[in-house]
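Structure first, then comments.
Coordinate-derived values only; no laboratory data. Note that this is a predicted model, so its numbers are computed, not measured. All Cβ positions, glycine included, derive from the backbone under ideal geometry; neighbour counts span all protein chains shown.
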Amino acid sequence: MNARCEWARDKVEIDYHDEEWGIPLHNDRKLFEFLVLEGMQAGLSWRIILNKRQEFRKALDNFEVELVANYDNMKIKELCSNPLIIRNKKKIEATVSNANAFIKIQKEFGSFDTYIWNFVRYKPIQNSWKTYNDVPSTSKESDMIFKDLRNRGFKFVGSKVCYSMMQAIGMVNDHTTGCFRYKQLRRE
């Protein structure tokens with residue numbers, strides 16, 4: 001059995017840890033998905049979000065940013081009444097607003113991928129944490145990303161949300177040193 005980060009306890013977390021978390025991601029649709037899900041997670045556990053992830057994909061047109069950017073008040077009301085996702089109206093409205101800001105970044109930089117990875121000079125930051133308690137919840141890079149996103153009109157993207165996204169999309173390797181993924185991702 002492979003040793004893994006201590007936060008991965010149940011099947012959904014283990015699958016996410018082993019197959020996605022910390023692997024460098026460069027697909028704009030998936031980057032938008034993580035940006036939305038990390039914002040939805042604010043104040044909640046990631047396990048809740050992972051368990052609702054498929055329903056979010058259905059409800060939000062598989063995170064097709066152009067479709068989400070055009071959601072109207074009727075669609076927002078529909079999402080707010082969907083018991084299978086997080087029904088926080090401010091977070092749902094922020095998702096629509098953020099989709100529009102995301103598209104502006106794509107137009108300015110050619111892709112959101114080019115924009116976001118520039119904050120780490122297009123190379124994952126390699127950390128060496130012994131336990132998950134050692135892992136910070138923010139960094140100077142997440143602070144910079146948060147400030148820039150906020151200046152571009154994004155909502156629900158504080159420094160903690162940005163750092164969580166950085167971890168999820170592999171901008172930072174925060175697997176603990178005893179985790180089998182740590183060594184694999186240091187090589188990639």
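Near residue 76: Cβ cut-off under 10 Å, other residues only, Lys/Arg at +1 and Asp/Glu at -1. The net charge is 0. Since only 151, 94, 51 are under comparison, the one whose Cα sits farthest along the positive direction of the charge dipole of region 11-187, derived from C-beta charges on Lys, Arg, Asp and Glu, is 151.
Per DSSP H run of at least 4 residues, take -39500 (n - 2.57); add these up for the chain, divide by its residues and hand me the 222 nm value, nearest 500 deg cm²/dmol.
Values: 10 runs with 107 residues, N = 188.
Mean residue ellipticity, 222 nm, calculated: -17000 deg cm²/dmol.
Summing charges over all other residues whose Cβ lies under 10 Å from the Cβ of residue 180, with Lys and Arg as +1 and Asp and Glu as -1, gives +2.
Where in the chain are the DSSP H helices whose alpha-carbon span along the long axis reaches 24 Å or more and whose Kyte-Doolittle mean is at least -1.0? Going by DSSP H runs, the hits are 89-109. The lysines whose alpha-carbon is closer than 24 Å to the alpha-carbon of residue 52, local same-chain residues fewer than 8 away aside, are 11, 30, 75, 77, 89, 90, 91, 155, 160.
Label-to-label distance, residue 118 versus residue 140, with points set 7 angstrom from Cα along the beta-carbon direction: 1.9 nm. Summing Cβ point charges (Lys, Arg +1; Asp, Glu -1) relative to the Cα centre of the chain gives a dipole of roughly 320 debye.
Provide the net charge surrounding residue 146, with neighbours chosen by a C-beta distance below 15 Å and charges set as Lys +1, Arg +1, Asp -1, Glu -1. Around residue 146, the surrounding residues sum to +2. Put in order of Cβ neighbour count within 10 Å, fewest first, the listed residues 176, 138 become 138, 176.
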